[in-house]
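Everything on this sheet refers to the single structure shown next.
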Amino acid sequence: MTLEEFTINFEKEFEDIEPGTFKPDTNYRDIKNWSSIYALIVVAFVDLNFDIILNAKDLKDTNTIRELYELVQSKHV
Amino acid sequence: MGSLIRAISYHLPAQAYTNDDFFDSFPDSIINKQNLLKLGIKNRYIVSSEETASDLALKAALNLFTEHSINKNEIDFLLFCAQEFDHYTPTTACIIQNKLGLNTNCGALDFNLGCSGFVYGLGVAKGLIESIGCKNVLLLTSSTLTKTFHFQDKSSRFLFGDGAAATLISSNNESKIGNFVFGTDGSKSDKIIVRDGGARNKLNESSFEDIIDEYGNVTSNACFYMNGTSIFNFGLKTVPTLIKDTLNKNNYSIKDIDLFIFHQANLFLIETIGKKTGIPNEKIFNFMESIGNTVSSTIPIALAEAIKTKKAKSGDKIFICGFGTGLSWGATIIEL
């Protein structure tokens with residue numbers, strides 16, 4: 001999955017985000033009223049697509065979709 | 001000698017707390033509404049401050065006796081699973097024995113577990129029947145967890161509801177309760193906790209200071225705390241392995257199982273586990289939309305509803321799996 005595909009697929013997981021809102025350098029925590037349900041959606045998306053379970057620290061360490069993608073790539077062997 | 005689940009009934013408190021009530025309490029959360037609905041909960045029932053876990057359990061037991069024409073004199077063991085007990089001593093199950101008018105030759109004990117409690121209770125009941133010779137074990141599971149919530153803890157107030165279930169496990173020629181897999185990881189005991197107010201940490205002034213997490217959930221050391229992300233990860237890591245191990249221990253594969261009933265933590269977690277493990281959606285039965293996560297009673301309530309709506313029928317093999325605070329988990333396969 002390329003960064004662009006990752007960004008599009010990532011965005012699809014969120015019910016209330018307008019399509020095309022997310023770009024690779026979007027800080028996904030800037031979603032208005034970011035809450036714990038969003039964190040669960042991120043964890044589930046990465047687990048189902050890459051078989052990697054992100055922990056709370058992983059989530060804290062990434063801000064943009066690009067950083068999340070790079071983290072996933074580094075863990076994906 | 002074998003054992004089987006003979007009957008299940010449940011009781012929910014009167015006061016409903018709908019999603020509309022929730023969004024009235026937390027108007028900022030309305031923007032997340034579509035994503036929150038992924039959790040699969042639209043209503044919960046909340047216990048009054050005067051009612052205890054044993055009160056709810058008592059009503060569930062009375063429902064069981066009436067709905068299934070159970071002769072209470074046949075009950076020779078009472079198990080009470082809760083996290084709120086009437087007194088430091090005596091054992092609450094002893095008080096329930098008296099209030100239900102059970103025989104004095106009935107054994108009674110309490111145990112403290114959360115969302116894994118029903119599976120553990122079922123395992124103990126099976127042991128009491130198949131190893132010790134009891135005939136009819138009454139397993140009462142009850143939760144009044146909402147009493148421990150900080151009023152600004154939006155995650156917990158969205159997910160959880162109160163309620164109790166009564167399950168009668170009886171001796172049977174054939175064993176209809178399969179082999180169990182249990183697990184515990186006390187190193188993560190701080191992931192779901194009420195820190196202060198028990199024997200380890202007495203309540204003090206700092207117990208009531210607000211603690212706000214990175215998502216804006218508010219709690220205090222005197223209130224319930226759950227690290228939602230960690231528990232979600234725990235579910236994703238532990239449950240798929242638990243499913244595999246339990247199927248292996250019972251010499252079954254997914255295709256042999258008619259219905260899977262997971263602890264009703266939330267729909268999003270269950271659906272993610274379903275996708276991860278390849279369990280077909282139509283084999284997963286959920287019942288949380290109208291009652292929320294009722295902790296140790298989610299599995300028996302869902303099982304009762306599956307039977308009532310004929311999603312589960314006589315002869316079906318049903319996989320049940322509980323996981324939660326402790327951390328603690330357990331699973332088995334029952335046959336109706």
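Assorted remarks:
- Residue in the stretch B:49-59 that is exposed (fewer than 15 other Cβ atoms within 10 Å of the Cβ), more than 14 Å from chain A (Cβ to nearest Cβ) and either over 26 Å from B:Leu336 (Cβ atoms) or touching a helix residue (DSSP H, G or I) at 6+ places or on another chain (Cβ under 8 Å) (or both) present: yes
- Within the stretch B:211-246, being surrounded by fewer than 15 Cβ atoms within 10 Å (Cβ to Cβ) and of a type in the set (Asp, Glu) holds for B:Glu214, B:Asp245.
- Residue ranges of helices (runs of 4 or more DSSP H) in the stretch B:14-75 with at least 1 members at pLDDT below 95: B:19-25, B:33-36
- Cβ separations smaller than 9 Å between residues 6+ apart or across chains give the following pairs from the stretch B:14-38 residues that are within 14 Å of chain A (Cβ to nearest Cβ) and among the hydroxyl-bearing types (Ser, Thr, Tyr) to residues that are surrounded by 14 or more Cβ atoms within 10 Å (Cβ to Cβ) and assigned to a helix (DSSP H, G or I): B:Ser29/B:Phe22; B:Ser29/B:Phe23; B:Ser29/B:Leu36; B:Ser29/B:Lys154; B:Ser29/B:Phe158.
- Among the residues of the stretch B:97-152, not one is closer than 13 Å to B:Ile75 by Cβ and at pLDDT below 95.
- Selected residue (criterion: nearest to the other protein chains (Cβ to nearest Cβ)) from residues of the stretch B:240-254 that are polar (S, T, N, Q) and within 21 Å of the chain's Cα centre (by Cα): B:Thr241
- The lone exception for B:Leu78 - which of (1) closer than 28 Å to B:Glu335 by Cβ; (2) among the aliphatic types (A, V, I, L, M); (3) buried (at least 18 other Cβ atoms within 10 Å of the Cβ); (4) more than 19 Å from the chain's Cα centre (by Cα) it fails: (4)
- Screening the candidates B:Lys237, B:Lys276 for the property of being within 14 Å of chain A (Cβ to nearest Cβ), more than 25 Å from B:Phe149 (Cβ to Cβ), in contact with a Pro (Cβ under 7 Å, 6 or more places away or on another chain) and at pLDDT below 95 yields one hit, B:Lys276.
- All positions within the stretch A:43-69 that are β-branched (Val, Ile, Thr), surrounded by fewer than 20 Cβ atoms within 10 Å (Cβ to Cβ) and at the interface with chain B (Cβ under 10 Å from one of its Cβ atoms): A:Ile53
- Residues in the stretch B:247-276 that are polar (S, T, N, Q) and either surrounded by fewer than 17 Cβ atoms within 10 Å (Cβ to Cβ) or farther than 25 Å from B:Met226 by Cβ (or both): B:Asn248, B:Asn250, B:Asn251, B:Ser253.
- Residues in the stretch A:12-27 that are crowded, with 19+ Cβ neighbours inside 10 Å and either basic (Lys, Arg) or more than 13 Å from every other protein chain (Cβ to nearest Cβ) (or both): A:Phe22 only.
The values are calculated or read from the model by the stated rules, or taken from the named source; none is laboratory data. Values in this document were obtained by computation on a predicted structure and should not be read as measured data. Quick reminder, even Gly has a Cβ in these numbers, built from the backbone with ideal geometry, and neighbours come from all protein chains shown.
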